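> Before anything else, here's the structure in question.
The values are calculated or read from the model by the stated rules, or taken from the named source; none is laboratory data. Remember, it's a predicted structure, so these values are computed and weren't measured experimentally. When we count neighbours, we look across all protein chains shown, and the Cβ atoms used for this are built from the backbone with ideal geometry, even at glycine. When the accessible area is computed, the model is the full protein with side chains, heavy atoms only, and any ligands, DNA or RNA have been set aside. Shrake-Rupley method; radii C 1.70, N 1.55, O 1.52, S 1.80 Å.
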Amino acid sequence: ICEAIDQTRGWFYSLMAVGTLVFGHSSYENVVCLGHVVDEQGRKMSKHLGNVMEPMGLMNAHGADAVRWFFAASGSPWGQRRIGPSVLDEIVRKVLLTYWNTVSFLVLYANASSAGSAAGEAWTPESAASAPPPAARPLLDRWLLSELHACVRDVTASLEAFDTAAAGRRLAALIDDLSNWYVRRSRRRFWSGPDDPDGAAAFATLHSALVIVTKLMAPITPFLADSVWGVLRPADEAESVHLSSWPGYDAALIDPSLSVQMALARRLVELGRSARSAAAVRTRQPLSRALVGAAGFGSLPGALRELVADELNV
């Protein structure tokens, strides 16, 4: 059952009381209680104040999926939430456009791959079958697959518990990881094309990640997800993302220790850039060394140490 918080007595309690008295048990199994929606200043919407926002106007300006994401994933359902153009603009910019641009990146390089291919053929989803198995792929690919399957696990658990806000936060974090870390760190691998084993692994990893992310986003952003699905869809999948099966996760691909190590590496990059900025030393100026005092740095794999050094230009 789902209703607004002002129906606590008139709907939630009344149904429970009547059901218990008449049938000996509650008339519902779960409650999703919705808080009030107010304007950007926190005021209750009213015609007198002139701050009423028409849903269709918001959808025309920002897209129906942005409005859906706001209601489903911008906060706890029972909390009071402020809605307005700036809030929806942020959802579009940080989540939906980031996702869209990551898909566009894959499509761009897949179509351009024919120029560097010996056979003159562009990369397609069916080409993923020739990529190395996940265990044989570079560390960055294994990290992304670990985060991806952990995300499937977490989003599935959140939705089964009717917690769309937690599912949205987890999805938004993965989309940010995809765009601002994996793609940014893998650009040169995509330049090498699918004929190169490293490039083939990058194409296959990014495509499989985007296919699963699209399935996870479908309940919240159905229109955008179905549009993207028409481009990413493997030949053996349903024509619509809404007809495809919900993704399962492979526990064998989830590596918690790798996640911790990558988080440390990213934090060191962040701190290193901050130190450069404080010292007014631009990243383009190479440094002979960097001193790191962090628990766990000694156990980082060589590939992650090289990644930190490359990011900080050491």
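> Scan (1) open to solvent by less than 60 Å² (accessible area, probe 1.4 Å); (2) more than 26 Å from Glu160 (Cβ to Cβ) for the single condition Glu239 breaks and write down its number.
Only one criterion in (1) open to solvent by less than 60 Å² (accessible area, probe 1.4 Å); (2) more than 26 Å from Glu160 (Cβ to Cβ) is unmet by Glu239, namely (1).
> Of the residues in segment 159-180, how many are open to solvent by less than 10 Å² (accessible area, probe 1.4 Å) and of a type in the set (A, V, I, L, M, F, W, C)? Steps first, please.
Step one: of segment 159-180, the residues open to solvent by less than 10 Å² (accessible area, probe 1.4 Å) are 165, 167-168, 171, 174-175, 178.
With the extra rule that they be of a type in the set (A, V, I, L, M, F, W, C), the set shrinks to 165, 167, 171, 174-175, 178.
Count: 6.
> Same structure, new question: Condition test on Leu178, is it within 23 Å of Ser113 (Cα to Cα) and of a type in the set (A, V, I, L, M, F, W, C)?
Taking the combined requirement at face value, the residue satisfies it.
> Looking at Ser259, Ser277, which one is in a helix (DSSP H, G or I), of a type in the set (Gly, Ala, Ser) and open to solvent by 60 Å² or more (accessible area, probe 1.4 Å)?
Answer to the check: Ser277.
> Take the conditions basic (Lys, Arg) and either within 23 Å of His149 (Cβ to Cβ) or surrounded by 14 or more Cβ atoms within 10 Å (Cβ to Cβ) (or both) and apply them to Arg187. Does it pass?
Taking the combined requirement at face value, the residue does not satisfy it.
> Then there's this: Residue under question is Trp229, and the condition is that it be at pLDDT 95 or above, surrounded by 12 or more Cβ atoms within 10 Å (Cβ to Cβ) and among the aromatic types (Phe, Trp, Tyr); does it hold? Break it down stepwise before answering.
Details: at pLDDT 95 or above: yes; surrounded by 12 or more Cβ atoms within 10 Å (Cβ to Cβ): yes; among the aromatic types (Phe, Trp, Tyr): yes.
Taking the combined requirement at face value, the residue satisfies it.
> Those residues that are over 13 Å from the mean Cα position of the chain (by Cα) and hydrophobic (A, V, I, L, M, F, W, C), I need them from segment 147-164; list them, please.
Those that are over 13 Å from the mean Cα position of the chain (by Cα) and hydrophobic (A, V, I, L, M, F, W, C): Ala157, Leu159, Ala161, Phe162.
> Report whether or not Leu271 is free of Cβ contacts under 8 Å to residues at least 40 places away in the same chain, more than 21 Å from Pro138 (Cβ to Cβ) and among the aliphatic types (A, V, I, L, M).
Against the criterion (free of Cβ contacts under 8 Å to residues at least 40 places away in the same chain, more than 21 Å from Pro138 (Cβ to Cβ) and among the aliphatic types (A, V, I, L, M)), Leu271 qualifies.
> Anything in segment 295-313 that is surrounded by 12 or more Cβ atoms within 10 Å (Cβ to Cβ), assigned to a loop (DSSP other than H, G, I, E, B) and of a type in the set (A, V, I, L, M)? List them, or say none.
If the condition is that a residue be surrounded by 12 or more Cβ atoms within 10 Å (Cβ to Cβ), assigned to a loop (DSSP other than H, G, I, E, B) and of a type in the set (A, V, I, L, M), then Leu300 is the only one that fits.
> Hey, among Trp78, Trp100, which residue is touching a Cys at 6+ places or on another chain (Cβ under 7 Å) and touching a residue at least 60 places away in the same chain (Cβ under 8 Å)?
Exactly one residue qualifies, and that residue is Trp78.
> Look through Ser192, Ser179 and report the one residue that is among the hydroxyl-bearing types (Ser, Thr, Tyr) and over 19 Å from the mean Cα position of the chain (by Cα).
On inspection, the qualifying residue turns out to be Ser192.
> OK, next. Name the residues in segment 194-226 that are open to solvent by 40 Å² or more (accessible area, probe 1.4 Å) and free of Cβ contacts under 8 Å to residues at least 40 places away in the same chain, would you?
Across segment 194-226, the qualifying residues are Asp196, Asp226.
> Hey, among Ala167, Ala161, Ala172, which residue is free of Cβ contacts under 8 Å to residues at least 12 places away in the same chain and not aromatic (Phe, Trp, Tyr)?
The match here is Ala161.
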